[in-house]
Amino acid sequence: MNGWQSWAAIAVFVATYALIISEKIHRVGAALGGAALMLAIGATDDESAFFSERSGVDWNVIFLLMGMMMIVGVLRKTGMFEYLAIWAVKRARARPFRVMVMLVVITAVVSALLDNVTTVLLVAPVTLLVCERLALSAAPFLIAEVFAANIGGLATLVGDPPNIIIASRAGLTFNDFLVHLAPLSALLVVVLVVLCRFLFRKSFVYDRSRAVEVMALEEREAIKDPRLLVQGLVVLALVVAGFVLHPVLHYEPSVVALLGAGLLVALSSVETGEVLGEVEWPTLAFFAGLFIMIGGLIETGVVSEISRSLADAIGDDELGGSMLLLGASAVLSGVVDNIPYVATMAPITADLVRNMSASGDHVMWWALAIGADLGGNATAIGASANVVVLGIAERNRQPISFWQFTKYGLVVTVVTVALSAGYVWLRYFALA
């Protein structure tokens, strides 16, 4: 580590994290203040903070969010989300737990096909409308969907950004993720549904009068602008196709999202100012501040030192190493964003794989992916999807506090990581 700057960077990060947890300062102000201090103490500089691929602001994430927020903002004006909300409630017979199960399963499946951040941007508005119709608190439903998005994103190469990093470094294919991680993801979605039944049991209050009102609604009447809806869905389909065809087209998701947003704004009659007004600017600012702070930890060698200590502890023990890597990744991804964490750990994991007689099933890589993806559920800022949903909830005057999210997230993370450890042991060691 780089002397006093390393310790200063740790102090800034811990202090900022404490402020975010205490909520005495708004998380955006805390993150931007922490980023400013990282720059002031020289832990990072403008070049590293804004232009470095390894440790700076991840503009791919920022512009992916911006583009998808613009597309969702246009779709919101068509009445599509009201339509989907009424449809979902009617299919679930207006029973709150059935509604949650439906939304959780849909979120998990879509997160595997898209990425988890895009999915929550699409599902959250529907959830808010569903809860409004049924006079329910939206927080438990939104929190459950975040868990589902992070678990569903584990299943495929495109489901979560860390998976793309791992696939590139390890030479893994889309089918490799499907074969090795999709079964685990499906199992954990079932487990999540069971956990939700107990974690949020006090939220499943059935209001018969509200239910009767919703069941009498005709969802088609919610569509306000059919022409704009068709335009929006066509552009969204093209964007999704661009995400899926990334290995062929080689366009970053951020480029695809911005192209889609630009095309939709150009085709539609919606004012550009209105569309930009739908963007969650505070959420983007929070991400920028968080990326700069984590970049400071990387630039000063703090993250590398932690990673090397982990590598030393693992040695050439593949079973013990897999379990330690899985557990450590889950813990660290709950504290720092899993994208820079995986970017830092990927070359170290590659060295570990080379230094041991690996089984050929890429178990170390799967351990890294599982720990990083599932560990994001632990805290309110553990994954990008978490931060996005908290921003949406706050904007709609249904704020979710750090501890309100984290008290459920820790339970879900402990259970899912423990089951994943059993899955790794059984599949790659006990039955190998």
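Extension gain, Val191-Trp59: 0.36 nm per intervening residue step, less the Cα-Cα distance, totals 44.1 nm.
Between Ala40 and Ser309, the FRET efficiency estimated from the beta carbon spacing at R0 = 41 angstrom works out to 0.90. List residues of the stretch 113-139, by number, whose backbone nitrogen lies under 15 Å from a label position 7 Å along Cα→C-beta of Val205. Taking a point 7 Å out along Cα→Cβ of Val205, the residues of the stretch 113-139 whose backbone N falls under 15 Å are 131-139. How high is the relative contact order of the chain, in percent, counting Cα pairs under 8 Å that sit 6 or more residues apart? Across the chain, relative contact order equals 25 percent.
For the chain, the solvent-accessible area with a 1.4 angstrom probe is 41 square angstrom per residue. Computed over neighbours whose Cβ is under 12 Å from that of Ala149, the net charge equals -4, Lys and Arg +1, Asp and Glu -1. Considering only chymotrypsin sites (Phe, Trp or Tyr not before Pro) in DSSP loops that have at most 16 other Cβ atoms within 10 Å, the longest stretch of the chain without any of them is 1-203. Of all lysines in the structure, those lying under 19 Å Cα to Cα from Lys77, and not within fewer than 8 positions of it along the same chain, are Lys224. Each Lys or Arg adds one and each Asp or Glu takes one away; over the other residues whose Cβ falls under 14 Å from the Cβ of Met70, this sums to -2. Stretched out straight at 0.36 nm per residue, the stretch from Arg76 to Phe51 would grow longer than its current Cα-Cα span by 5.6 nm.
The label point for Arg227 and the one for Thr272, both projected 7 Å from the Cα toward the Cβ, are 2.1 nm apart. Membrane-span-like helices of the chain, defined as complete DSSP H segments with a Cα extent of 30 Å or more along the helix axis and a mean Kyte hydropathy of at least -1.0, are identified as 174-199, 402-425. Once a ≥ b ≥ c are taken as the square roots of the eigenvalues of the Cα gyration tensor of the stretch 221-284, is the result rounded (a/c under 1.5), prolate (a/b larger than b/c) or oblate (a/b not larger than b/c)? Oblate shape, in that a/c is at least 1.5 and b/c is the bigger or equal ratio.
By the helix-only formula, in which each DSSP H run with n ≥ 4 contributes -39500 (n - 2.57) and the sum is divided by residues, the chain has a 222 nm mean residue ellipticity of -24500 deg cm²/dmol.
The fraction of accessible area contributed by carbon and sulfur in the stretch 154-245 is 63 percent, rounded to a whole number (1.4 Å probe; ligands and nucleic acids excluded). The label point for Gln404 and the one for Glu213, both projected 7 Å from the Cα toward the Cβ, are 2.2 nm apart. Just tell me which lysines come within less than 24 Å, Cα to Cα, of Lys407; anything on the same chain fewer than 8 places away is out. Those lysines meeting the cut-off are Lys24, Lys202.
The values are calculated or read from the model by the stated rules, or taken from the named source; none is laboratory data. These numbers were taken from a predicted model, which means no experiment stands behind them. Here Cβ is always computed from backbone atoms with ideal geometry, including for glycine, and neighbour counts include all displayed protein chains. These accessible areas exclude ligands, DNA and RNA; they are computed on the full protein's heavy atoms, side chains included. Shrake-Rupley method; radii C 1.70, N 1.55, O 1.52, S 1.80 Å.
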